[in-house]
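Working notes, beginning with the structure itself.
The values are calculated or read from the model by the stated rules, or taken from the named source; none is laboratory data. These numbers were taken from a predicted model, which means no experiment stands behind them. Backbone-built Cβ (ideal geometry, glycine too); neighbour counts: all protein chains shown.
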Amino acid sequence: MKKLLSVLLTLAMVLTMTAGAFAASLEGTYQITIWVAEEVKDLTAKQIEDFNATNEYGITIVANIEAVSEADAATSMITDVEAGADIFCFAQDQFARLVQAGALSSLGKQAAEIVRTSNDAGVVAAATSGDTLYAYPLTSDNGYFLYYDKSVIPDEDVDSLEAIIADCEKAQKYFAFEMGTSAWYNASFFFATGCVSEWKTDDDGTFISVHDTFNSPAGLIAVKGMKKLVDSPFHLSSSDGASFASNAAAVVTGIWAYTTIEGILGDNMGVTDLPSFEVDGVSYHLGSYNGCKLMGVKPQTDPIKGAAIHRLAQYLTGEKCQMERFEARAWGPSNLAAQASPAVQANPGLVALYTQNAYSVPQGQIHGSWWDIAKVISDDVKNATDDAGLQQALDNYYDKISSLFNLDTSALLFVGAWNGWNNADESDTYYFKDGSLTLDVPASDYMGGRIVNPGSWDTDKGFAQVTVGADLIKDLGADNPDNNIVFIEAGNYTVTIDGDAISIVKN
């Protein structure tokens, strides 16, 4: 069945690439399912009505609109592509797994050209695998910048990391900048000095190589700057805007925190791009990731319907609809004309974000294991006592990166809370050998995990396949979209996979 579905989806992807050929014969009524975030569900219904009333093709869309978050949509799609939505929105870090699962229909030549010329380059890169566009840009607002309390940090200090640290220490207030738990944030120091971590995928979304220069003289400068921050007694590893209500004077976070922070600080809220740090008399402006949300179209076995759905997706991600979402929910546009509009330019948070984008790196496709590998750099930096220790932190990072492409991706790994969700685990502890493994599950708030191929988060084995030992695990129902196996009690367990059946025995 899976093989047949794969063939059908591949055929549909080829056919939808020629969607323009069907432009003259698209007239008709099409029943579709669309997944969007709860907060734009009603607006999307209105936008589809507008599309029906104005499109030149005679297309009428009858849409079943369901509230599914961008964080959850990808998991639901890859679990069962055939049953998934015809149009769905997702966070860009889910892109590679959706391509690999055959859940995205590639754009036709004309649609791809429109997307490339009307949206910012970072979002276009995020929607591309190989040379092929597989999704439509929805937003360009998933980046970070600096919020600060003007009563503590004067405007003239916000360009200097060292000055902000000094102001916070003097006032005994926190500088919240998430380091110890997030590679997404601590990479900003490396981007400041020109380091790169660039991942390459083939057209199927499989990672085939990486060009990473974190372990370099420029990387050593980066961790020297990072150490100034993490060594401060008033550094707080957090990106929560509510930290301003808990004795913070500066927080690095994104546009999503704007309303919360404005409510706490009022007229004392300052918003700007990230500061610079200084090493050996040279100043380095902190970099960042810039990211986005994307809209995908599921491959269709009917090429006419597929072409019609692509027309709708193109409309929903165009300038007019992006501006409507900005006006209704303050979502940051990816469309260049929308970004330049007076209304968007009057939003201080988005202005700070777009200013910071000049120093940012587009968040393209990144190996899922990288996030766990890179996030520990700041802990190693904090523990270092000299330059040799800082260099060791970089060496440790490089060794782990280098091992990623040596993983046996055909093997199965039980990854979870017990190994820090590290799906590039180098030990044999959590690998299935001859279909079986024995593991210790320590007591924790979440004693769960999932069965994956090393280096990948995809899975078709988990809770739903447990035939023996179901009484030992929790049935979380709809709260378990990842098909995780969550143990009821801590202990030592033997887990065996026999075909599609899983048995669990407590030892």
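Points to keep in mind about this one:
- Subset of the range 377-418 (residues that are free of Cβ contacts under 8 Å to residues at least 12 places away in the same chain and under 27 Å from Lys227 (Cα atoms)): Asn383, Thr385, Asp386, Ala388, Gly389, Asp399, Ser402
Listed here are the residues, each with its yes/no results for (1) surrounded by fewer than 22 Cβ atoms within 10 Å (Cβ to Cβ); (2) more than 16 Å from the chain's Cα centre (by Cα); (3) farther than 30 Å from Asn422 by Cα.
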{"site": "Val99", "(1), (2), (3)": "no, no, no"}
{"site": "Ala112", "(1), (2), (3)": "yes, yes, yes"}
{"site": "Gly122", "(1), (2), (3)": "no, no, no"}
{"site": "Val152", "(1), (2), (3)": "yes, yes, yes"}
{"site": "Ala166", "(1), (2), (3)": "yes, yes, yes"}
{"site": "Gln172", "(1), (2), (3)": "yes, yes, yes"}
{"site": "Ala176", "(1), (2), (3)": "no, yes, no"}
{"site": "Ser197", "(1), (2), (3)": "yes, no, no"}
{"site": "Lys200", "(1), (2), (3)": "yes, yes, no"}
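- Taken over the range 244-272, residues that are under 21 Å from the mean Cα position of the chain (by Cα), at pLDDT 95 or above and within 22 Å of Pro333 (Cβ to Cβ) amount to 1.
- Boolean, Ser237 is surrounded by fewer than 22 Cβ atoms within 10 Å (Cβ to Cβ), closer than 25 Å to Ile401 by Cβ and in contact with a Gly (Cβ under 7 Å, 6 or more places away or on another chain): yes
- Within the range 460-496, the set of residues being in a helix (DSSP H, G or I) and of a type in the set (Gly, Ala, Ser) comprises Ala464, Ala470, Gly477, Ala478.
Okay, residues lined up against (1) within 27 Å of the chain's Cα centre (by Cα); (2) under 26 Å from Gly291 (Cα atoms); (3) in contact (Cβ under 8 Å) with a residue 40 or more places away in the chain:
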position: Glu49; (1), (2), (3): no, no, no
position: Asn52; (1), (2), (3): no, no, no
position: Thr60; (1), (2), (3): no, no, no
position: Ala67; (1), (2), (3): yes, yes, no
position: Asp72; (1), (2), (3): yes, yes, yes
position: Ile78; (1), (2), (3): yes, yes, yes
position: Val81; (1), (2), (3): yes, yes, yes
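- The conditions of being assigned by TED's automatic domain parsing to the domain that holds Ile78, out of contact with any helix residue (DSSP H, G or I) (no Cβ under 6 Å at 6 or more places or on another chain), at pLDDT 95 or above and not small (Gly, Ala, Ser) are not met by Glu319.
- Criterion (over 30 Å from Glu27 (Cβ atoms) and free of Cβ contacts under 8 Å to residues at least 60 places away in the same chain) met by exactly one of Ala328, Ala352, Ala343: Ala343
Per-residue answers, yes or no, for (1) outside the structural domain of Pro454 (by TED's automatic domain parsing); (2) farther than 21 Å from Gly180 by Cβ; (3) in a helix (DSSP H, G or I):
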| position | (1), (2), (3) |
| --- | --- |
| Asp372 | yes, no, yes |
| Leu390 | yes, no, yes |
| Asp399 | yes, no, yes |
| Ala424 | no, no, no |
| Thr429 | no, yes, no |
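- Checking every residue in the range 212-221 against the condition of being surrounded by fewer than 16 Cβ atoms within 10 Å (Cβ to Cβ) and more than 19 Å from Tyr284 (Cα to Cα) gives zero matches.
- The residue list Ile32, Ile65 contains one member that is at pLDDT 95 or above and crowded, with 20+ Cβ neighbours inside 10 Å, which is Ile32.
- Residue count for the range 92-117, restricted to those that are modelled with pLDDT under 90 and not in a helix (DSSP H, G or I): 1
- Of the helices (runs of 4 or more DSSP H) lying entirely inside the range 182-299, those carrying at least 2 residues that are touching a Leu at 6+ places or on another chain (Cβ under 8 Å) are 183-192, 217-230.
- The residues of the range 118-132 that are assigned to a loop (DSSP other than H, G, I, E, B) and within 13 Å of Phe95 (Cα to Cα), listed by number, are Ala127, Gly130.
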